Amino acid sequence: MNVAKSAQIGEAAQPTPPALPQPRRTTRLIKGGLIGLLAAAAIALVIPSLISGQWPWGQPPEVANIQPVQALRNSGIPLEGWQLTDQEEVRISGKSWSAQQFNQGADSDQALVLLLRPQPWHTNLPEVEWVDLSGSQNWEIRHRQTLTIPAAETQDAVGGGSFRASFFRGANDQRTYAVLQWYAWPGGGSPSPGRWFLADQWHQLRHGDRLPWIAVSLWQPMAGRGDIQPLRDEMVAIAQEIQTTLNSTALLPAIQPQRN
Amino acid sequence: MLKKSTFTATLSRHPLDWALLALVGVLYAPLLWHWVDGWLNKSISLQHEYFSHGLLGFPFAAYLAWSFRHKWQQLPDRCHWLGPLLLGLGLSGYLSGLGDWANLSFPLVLAVLCLSLKGRAGFKLQSFPLLLVLFATPNQIPYLIEPYVLPLQRFIAAVAGFILLQFGVDVRVQQIYLFVNDQLVEVAPHCAGLKMLFTSLYVGLMLIYWVGLGTSRLRTSLFVVGIVGLSIAGNVLRNTMLTFFHGYQFNDAFHWLHDSWGGEVYSAITLVLILYLARWIQSHVPASLSAFEIRANESV
């Protein structure tokens with residue numbers, strides 16, 4: 001085999017501008033400084049880890065108080081002004097969701113479907129929830145938009161914050177729905193896993209543990225292949241309520257573990 | 001006896017350099033061991049697996065960096081201001097112990113050493129080994145690009161379904177799902193062949209340097225396009241076979257190709273084909289189009 005060293009990569013660059021050579025004392029000083037800092041890092045991390053046998057990267061960060069989040073799978077959440085007619089745990093594409101059905105009362109045929117997928121374990125990340133849902137329902141998706149929903153007015157300082165949600169019409173041969181979905185986390189939300197990732201990194205740097213997440217998908221049945229705009233305000237109001245409820249119940253212990 | 005005295009002689013000639021190397025080793029050997037253990041035992045996460053080409057890349061990068069040491073010593077000592085600045089960033093990442101930050105501190109600290117000891121020239125000299133280390137450092141980029149892989153998943157499902165149809169298999173394709181005999185196969189993001197694509201591109205990078213394709217942009221771009229095409233074609237074939245096995249209940253064959261050493265066979269075949277592609281490009285593709293035109297004119 002020819003070992004042809006690439007001409008651009010291997011060559012040393014010409015020193016520009018013509019500079020005085022660095023005095024040996026400075027070189028020694030720099031090397032000494034580097035050695036000192038690296039040694040300090042070694043003492044700070046390597047020695048305690050060798051003694052205890054536990055390395056920080058061997059234990060990935062966990063969600064503080066994950067049980068309330070996981071419990072949502074079996075309980076769902078209440079919605080004000082709507083009657084819960086059914087709640088059960090369903091499996092979609094091999095993943096567990098809490099499926100709830102609401103009615104607005106006996107005399108109205110307004111219905112609502114709320115699907116929640118709380119993260120099953122500390123290490124789970126928001127990934128393909130939306131693809132799973134639209135795949136299992138075999139939806140044709142139209143009029144997709146991203147809404148920025150401000151926090152509800154009654155929000156207190158804890159968990160207050162606007163969030164983003166994806167709004168679209170999903171239709172198959174049997175039914176058509178206006179769908180609003182997002183990943184909810186303490187104090188925010190977004191349909192994009194990348195946004196959760198950023199929020200989680202920031203949370204890890206500040207608190208050292210993981211940011212919990214719950215996938216929320218809200219469906220409102222509608223007449224086939226119509227416009228979803230008339231349904232927007234109502235669904236946004238319900239979404240605000242959902243986010244507030246989640247922030248003050250399941251997601252609350254994650255950011256305030258000291259509160260009882 | 002002679003070897004021992006040469007070693008101690010080198011040690012006494014460059015005590016500070018050896019001390020630096022030793023300290024970097026002390027800091028990062030446990031972390032690197034953690035990565036290697038995760039790659040060999042598949043015990044960390046799917047995202048971590050995307051970087052298993054580090055098993056090849058790190059020794060190669062170390063070999064290259066070591067082979068540059070004479071040129072390195074000839075460079076004048078210089079400290080680039082970025083060096084000490086980034087060192088703080090790198091060490092705090094390392095000390096935080098948090099996943100990506102600790103991982104990425106490794107290439108960062110190595111780069112800092114180059115900048116602080118030999119300045120910009122030193123960094124340029126070692127830029128290729130540093131690049132190899134960077135591209136093999138586990139991070140969460142495979143996770144972040146998942147939402148964007150959907151078109152590729154659909155494409156693979158569609159082509160796999162088409163191929164199966166040509167063989168007379170009763171298959172129905174729905175977005176990223178394939179139905180054969182009412183058995184469902186989902187082309188998930190991790191089945192879209194991204195891991196093999198990353199590994200292939202990385203091995204391609206190593207080959208570009210080793211075989212010397214890097215001097216010609218025509219050859220390099222053709223090689224990269226070839227790798228991507230080969231990777232996608234291979235993955236389509238793999239998904240076709242998996243769907244076939246699952247549809248006709250050849251569960252052992254499915255398990256072999258999907259979970260067991262069938263995957264390794266697939267990877268090995270792909271990498272051998274990439275090696276042949278590199279050789280072929282080196283012998284049959286001119287260094288640039290102008291050379292091609294000159295040859296064409298000459299033959300006329």
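Against the main long axis of the alpha-carbon atoms of chain B, helix B:289-299 sits at an angle near 70°. Using the empirical formula 2.2 N^0.38 Å as the baseline, the Cα radius of gyration of region A:42-144 reaches a ratio of 1.62.
List the chymotrypsin sites (Phe, Trp or Tyr not before Pro) in region A:47-122 that DSSP assigns to loop (not H, G, I, E or B) and whose Cβ has at most 11 other Cβ atoms within 10 Å. Which are they?
Numbers: sites: A:W57, A:W82, A:W97, A:F102, A:W121; in loops: A:W82, A:W121.
Here the sparse-neighbourhood loop sites are A:W121.
The Cα center of region B:122-167 and the Cα center of region B:255-272 differ in position by 17 Å. Rounding to the nearest 10 and keeping the result within 0 to 90°, find how far the Cα-based axis of helix B:54-67 lies from the longest principal axis of chain B. Around 30 degrees separate the two axes. How many percent of Cα pairs in chain A exceed 29 Å? That fraction is 47 percent. For the peptide A:86-92, the mean number of other protein chain Cβ atoms found within 10 angstrom of a residue's Cβ is 0.
Against the empirical 2.2 N^0.38 Å scaling, what ratio does the C-alpha Rg of region A:181-230 come to? Display every interim value, and only then the final one.
Values: Rg = 15.3 Å, N = 50, 2.2 N^0.38 = 9.7 Å.
Dividing the Cα Rg of region A:181-230 by 2.2 N^0.38 Å gives 1.57.
Per-residue accessible area (protein heavy atoms, 1.4 Å probe) orders B:K71, B:K42 as B:K42, B:K71, starting from the largest. With contacts taken as Cα pairs under 8 Å at a separation of at least 6 residues, chain A carries a relative contact order of 18 percent. Angle check, please: helix B:217-247 long axis (alpha carbons) against the longest principal axis of chain B (alpha carbons), in degrees 0 to 90, nearest 10. That works out to roughly 50 degrees. Most simply put, chain B has about 90% antiparallel DSSP beta bridges, counting only bridges with both residues inside it.
Peptides B:121-133, A:181-193, ordered by how many other C-beta atoms sit within 10 Å of their residues on average, highest first, read A:181-193, B:121-133. Please report the spacing between the Cα centers of region A:161-200 and region A:64-91 in Å, no decimals. One Cα centre to the other: 17 Å. Neighbouring Cβ atoms from other chains, within 10 Å of the Cβ of residues in B:138-149, number 3 on average.
For A:H122 and A:R225, the FRET efficiency from 1/(1 + (r/R0)^6), where r spans their Cβ atoms and R0 equals 41 Å, is about 0.45.
Each principal axis of region B:6-139 carries a Cα extent, and these read 44, 33, 24 Å when sorted largest first.
First select every other residue whose beta carbon is under 13 angstrom from the beta carbon of B:L16; then total the charges, Lys and Arg +1, Asp and Glu -1.
Values: positive: A:R24, A:R25, A:R28, A:K31, B:R13; negative: B:D17, B:D77.
For residues surrounding B:L16, the net value is +3.
The candidates B:W261, B:W210, A:W219, arranged from most to least accessible area with a 1.4 Å probe in the full protein assembly, appear as B:W261, B:W210, A:W219.
The alpha carbon radius of gyration of chain B, expressed as a multiple of 2.2 N^0.38 Å, is 1.23.
Using only Cα positions of the protein assembly as shown, each an equal point scatterer, no hydration layer, compute I(q)/I(0) via Debye at q = 0.05, 0.10 Å⁻¹ and quote the log10 values to two decimals. The computed values of log10 I(q)/I(0) come out as -0.29, -1.03.
Membrane-span-like helices in chain A (whole DSSP H runs, Cα extent of at least 18 Å along the helix axis, mean Kyte-Doolittle hydropathy of at least 0.0): A:24-41. For the residues of A:26-38, the average number of beta carbons from a partner chain within 10 Å of their own beta carbon is 6.
Considering only GluC sites (Glu not before Pro) in DSSP loops that have at most 12 other Cβ atoms within 10 Å, the longest stretch of chain A without any of them is A:154-260.
The values are calculated or read from the model by the stated rules, or taken from the named source; none is laboratory data. Remember, it's a predicted structure, so these values are computed and weren't measured experimentally. Cβ atoms come from the backbone with ideal geometry, glycine included; neighbour counts cover every protein chain shown. Calculation scope for accessible area: heavy atoms of the full protein, side chains included, ligands and nucleic acids excluded. Shrake-Rupley method; radii C 1.70, N 1.55, O 1.52, S 1.80 Å.
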